[in-house]
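Computed from the coordinates by the stated procedures, all read-outs in this text should not be read as laboratory data. Keep in mind the model is a prediction, meaning the values are calculated, not measured. Cβ coordinates were reconstructed from backbone atoms using ideal geometry, including for glycine residues, and neighbour counts include every protein chain displayed.
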Amino acid sequence: MRFSEIEKHLKKFKVGIAGAGGLGSNCAAALARTGVGTLVVADFDKVEPSNITRQYYFADQVGMMKTTALKENLIRIRPEINVVTCQIKLNEKNIPSVFNDCQVIVEAFDRSDMKQMLIETVQKELPSVPIIVGSGLAGWGNTGVLKFRKVDETLYICGDEMSEATDDNPPLAPRVCIVANMQANAVIEILMKKI
């Protein structure tokens, strides 16, 4: 299949991204480059200097809302993309309405309790929508352990599922971006099977 055909197909779809940090911003950039038509990005945070080390932002965007800065960057990649931004903290009550029309949702949170809340809410309130989770991406090297795993028809996990981010084992750009691109690849794989 030619790239123009792939773009034409992907343009029809809307993908939700829960969190615009390392995973979410880099996954969004990959999806924009591939031709996904609409991205719904939800985050409540601002770009900080420390984010520049692994997130898809630039030094002159420090202080901006992440959703605003990311939209600006995605439009620079693909001017015709539709980016819907939601500057909110996601919770059980607003997740169904924020991601209502999305065909796939990407989980891109730092905290495990937020990951669990998103997964449980999506599986309960949007049961037919696949969710792609990132788990285990801290540190460097050892890329052979990063993997994609299909749990069931609507739950997929990307990462090594073990390496937790700590002060002594921080999330560094190479592994963060690998997992973010694994998530984007999983989105594309799911969407290319849809009519």
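What to note about this one:
- For segment 152-168, the Karplus equation 6.51 cos²θ - 1.76 cosθ + 1.60, evaluated at θ = phi - 60°, returns couplings of 7, 5, 10, 10, 10, 10, 10, x, 9, 6, 9, 6, 8, 6, 9, 4, 8 Hz by residue, with Gly and Pro reported as x.
- Residues of the chain were split at every exposed loop site, defined as GluC sites (Glu not before Pro) in a DSSP loop with at most 13 other C-beta atoms within 10 angstrom, and the longest piece left, sites excluded, is 1-79.
- Computed about the Cα centre, the dipole magnitude for segment 1-61 is approximately 360 debye when only Lys and Arg (+1) and Asp and Glu (-1) carry charge, each at its Cβ.
- Farthest toward the positive end of the dipole of the chain, out of Asn100, Tyr56, Thr38, is the Cα of Thr38, where the dipole comes from beta carbon charges about the Cα centre.
- Beta bridges assigned by DSSP with both partners in segment 3-192 are antiparallel in approximately 25 percent of cases.
- Most fluctuating residue given options Gly22, Gly139, Gly63, as computed from a GNM of the chain linking Cα atoms under 10 Å: Gly63
- Span from the segment 1-71 Cα centroid across to the segment 78-95 one, whole angstrom: 10
- Simple Cβ-charge dipole of the chain, Lys/Arg +1 and Asp/Glu -1, about Cα centre, in debye nearest 20: 740
- Counted as membrane-span-like here are DSSP H helices of the chain whose alpha-carbon atoms extend 15 Å or more along the helix's own axis and whose Kyte-Doolittle mean is 1.0 or above; these are 173-192.
- Positive-pole candidate from Val145, Ala184, Ile75, dipole of segment 3-192, charges at beta carbon: Ile75
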